[in-house]
Structures are given as structure tokens and as C-alpha cells.
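First the structure, in the form of C-alpha cells, and then the observations on it.
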Amino acid sequence: MMVMGQPPNQPRCGACKDGVQAPFDFSMAFQPIVDVASGTVYAYEALVRGTKGEGAHTILQQVTEENRYQFDQNCRVKAISLAAKLNLAATGALLSINFMPGAVYSPSSCIQLTLETSTRVGFPCNLLIFEITETEQVQDRAHLRGIVAEYRRLGFKVALDDFGAGHSGLNLLADFPTDIIKLDMELTRDLPNRPTALLILKTMVRLAEELGSELVAEGVETVEEFEALKACGVRLMQGYLFARPGFECLPDVLLPR
């Protein structure tokens, strides 16, 4: 794997001018992030899938150091193009796209294809969220800081995904305060029966408020987890309880009574 922030062996950002060839075929599914207080969809997260709906693993295992730049660029193009086709903007929700910081060599250059695609298909750029999904330890924090600053300058929201898992922890949050913090699903799992997890979650709600960030609980699967999260003050949730990812569609959302 390439260490995040390293430049490629040869400059590739110029490829954005003429588009970037996809290294292999894939598509997207969309899963809602629900605002349980208002009963509306806050955002739809674009999740990579095979062209016949195969799981993300079958696609991600094809990503290599050599093709990760092309893959990351094409994930953005595919997500935005499909969202426009599905008229996602008309729902009032945002579009959340996962990206690999290690595939961004120049924040201002590598974003150009994203901007051009949004203009071409008529999808508003101010509805975009970019989720940091890098699971490797950050070696070049200045590089990631530059990406976050550039994306925010362009009006995008930035989310820290899987907070609490792997290298996505407090040290990273301290250096890169983001608009949205997505709690790893392991913290949500069986929450009502884990007093320590409940205490941590209540603390995260207060911390997010102090930072001015939105807090999203991932992996919500049961009514009991939903009720415990709501009691803690969490209003943004994502998980099978509300909707499974819809392959090339915006799935219906079920809200617990």
C-alpha cells in the first residue's frame, strides 16, 4: 500500500483534464443517513458495488497502488453521475462520497474532475460530503490538512469515517476537526447492554457539540440501539434498521415508531 501523502512515481494529476480511464467496471449503491428528529434523510452515502450488485469487497480487492488514483477519481464520477440521474438533489439530502486521501496528490488539481462532472450532470457542488476513509496511519498530516482545507474552501463538507476504529481516533480528530464525525459501528453494536460504550457515546455527543460537528452513528440495526442512541442525543443515524443500501437507487426509509 502507498503511504498516504506520497506522490506517485509519475505525475498523474494532468489526466484530470481529459478524464481518467476507469481501471475496472463498478457501480454504486446508496444508503441513507437519517435525521431521526425530523424524520428526513440528511444524506445518502454512495457505496461501491459490482456492476451486478456484488459487495464492496469484490471491488476493493482489485484496487492496487497503481490504479488507486484512477479508482478514486472514478468513484466520484460514478457517484455524482448516478445521484444526478436519480434526482437526489430534489430530495433535499446531501451526497456523501468516500475518498482515499492517499490518492489525492494535489488537492486543487485532483478535484477538477469532480467539479467538471458536477457541472456536466447538473449536480450542485454544495451538496457534496467527502468522507475520509484512509485506514493507514497518517504519515503526512500537512498533506491531509491541505486536502481538508481545500475541500472546505470549495464549500464541501468533510467527514471523518469510522471514528474509533484503527487509526481514526482522537489524535486524528485533534489535528483535523471535521464537519461530520461518523462513529464506528462497533460502538453502536448492542449499545443498551454496554454501560461503558453508553458513557463514551454521551461524551462524544458533547464533544461534537463543542467542536461544532455533526455526529452520525453507523451500523444501527435494532430498535433498542436506536432508542439508546436517541436517548443519548444522537439525531443522525445510518444502518439496516432504516434501509439497506439500494443498488443504483435511493431506497425507501423505515423509521421506527
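Any read-out appearing in this document is the output of simple, stated calculations on the displayed coordinates, not a laboratory observation. From a predicted model like this one, the values you see are computed outputs, not experimental measurements. Virtual Cβ from ideal backbone geometry, glycine too; neighbours counted across all protein chains shown.
Evaluate the charge dipole of region 175-228 about its Cα centre and quote only its size in Debye, nearest 20, assuming +1 on the Cβ of each Lys and Arg and -1 on the Cβ of each Asp and Glu.
Working: 5 positive and 13 negative charges, 41 e Å.
In debye, rounded to 20, region 175-228 gives about 200.
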Order these by the 10 Å Cβ neighbour count, fewest first: 38, 213. 38, 213
Most mobile listed residue (61, 112, 238) in the chain, GNM with C-alpha springs under 10 Å: 61
Quick calc of log₁₀ I(q)/I(0), region 27-247, Debye, one scatterer on every Cα, no solvent, q values 0.11, 0.15, 0.16, 0.19 1/Å, result -0.53, -1.02, -1.17, -1.61
Could you tell me the ratio Rg/Rh of region 117-246? Both radii from Cα atoms, Rh via Kirkwood. 1.00
Tell me the label-point distance for the pair residue 60, residue 253, using the 7 Å Cα-to-Cβ offset, in nm and rounded to one decimal. 2.4 nm
How many lysine pairs in the chain, separated by 8 or more positions in sequence or lying on different chains, have Cα atoms less than 23 Å apart? 10
